[in-house]
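Beneath this line is the structure, given in structure tokens, with notes to follow.
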Amino acid sequence: MRDSFGREISYLRISVTDLCNLRCQYCMPAEGVEKKCHHQILPLEQVVEIARAAVALGIRKIRLTGGEPLVRRGIVTLVEQLAALEGLEELAMTTNGVLLPQLGPALRRAGLNRVNLSLDTLRAERYRAITRIGRLEDALAGLDAALRLGFSPVKLNAVLIGGFNDDEIGDLVALTERLPVEMRFIELMPMGTGDFGPGAYVPCDRVLQAVPALVPAEDDSGGTARRYRLPGAPGAVGLISPLSRHFCASCNRLRLTADGYLKPCLHSAQEQSVAELHGAALTEALRRAILEKPGCHDRLAWDSPTKTERTMNEIGG
């Protein structure tokens, strides 16, 4: 289905929980979030119902997010049911990877195709600092599990933060020389609860300056990343630039929050509840969300923060 700007909306990101087993500074408060009552979170059978209606309208790719999706009870069953939806071509997940060694085999059997793993740093003390409670060895074990289980592609997400990890650009890019992964650098967005100042924002072009050997690579089926590669490397590098080079004109996604709200745009306060809708009413709400998707978000900068009223863990990464 196309929106009012002619963009074909084929991608649904579903947050299954706002809870997480880490406390990343750019995503959620240090104390975590108050656990919602059972009735405040969409039951998994309703998630499947909404996904089925979305696929009937032309959604071809679904990504499960959180919070951390692997802490949601029943996640393997949900993956199995979504993977069985006729017309769905791709089922992916964004995760911190900590629980992937335990749950990965069952998820792979259930039909999960690909994973994106959060990896902001390769230094243990920095990983502990940015996640507040995490261990780098657990994240790397998740990466090993993803590669061993044959998820493809495996993408690694690093939020680029000045004064924190911008001196690791070369080390992170070097992962692509020995692993068949896409190392993706994402500009820090002015949202959430992190104590970041203007100096924390680093444009993704800094990656090209730090590693001049990178050359343009083939496109990744209409994704948001500009792709590059080190000559001869099995992996690739992706640059995602929501501030310096926004990609609104080609945005093809719709978001569903864990508490049942459709968000046509990450950086807009616009949202509508579908928690109580079924059948034709649900389909109409999905149509309306697509048609009302804004052409572009407002200017994003440190003096012009996101208009959304939610933190990232509430929306879905």
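Just so you know, all these numbers are worked out from the coordinates, no wet-lab data involved. A quick note: this is a predicted structure, and the numbers were derived from the prediction, not measured. With ideal geometry, Cβ positions are generated from the backbone for all residues, glycine too; neighbour counts draw on all protein chains shown.
Values as computed for the structure displayed
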{"read-out": "Rg ratio (alpha-carbon, reference 2.2 N^0.38 Å) - the range 11-315", "value": "0.96"}
{"read-out": "Estimated FRET transfer efficiency when R0 is 30 angstrom, pair A129-E89 (beta carbons, to 0.05)", "value": "0.20"}
{"read-out": "Within the chain: Cβ-based charge dipole about Cα centre, in debye rounded to nearest 20 (Lys, Arg +1; Asp, Glu -1)", "value": "380"}
{"read-out": "Ranked T94, T224, T17, T77, criterion: other C-beta atoms within 10 Å, fewest first", "value": "T77, T224, T94, T17"}
{"read-out": "Global form of the range 123-235, assessed from the alpha-carbon gyration tensor, a/c cut-off 1.5", "value": "oblate"}
{"read-out": "Loop-resident sites, the range 9-107, for GluC sites (Glu not before Pro), counting at most 12 other Cβ within 10 Å (DSSP)", "value": "E31, E34, E86, E89"}
{"read-out": "Relative exposure of T176, T283, judged by other C-beta atoms within 10 Å (fewest first)", "value": "T283, T176"}
{"read-out": "Peptides ranked, highest mean first, by Cβ atoms within 10 Å: ranges 157-163, 274-280, 240-246", "value": "157-163, 240-246, 274-280"}
{"read-out": "The chain, helix-only ellipticity at 222 nm - DSSP H runs n ≥ 4, -39,500 (n - 2.57), divided by all residues, nearest 500", "value": "-8000 deg cm²/dmol"}
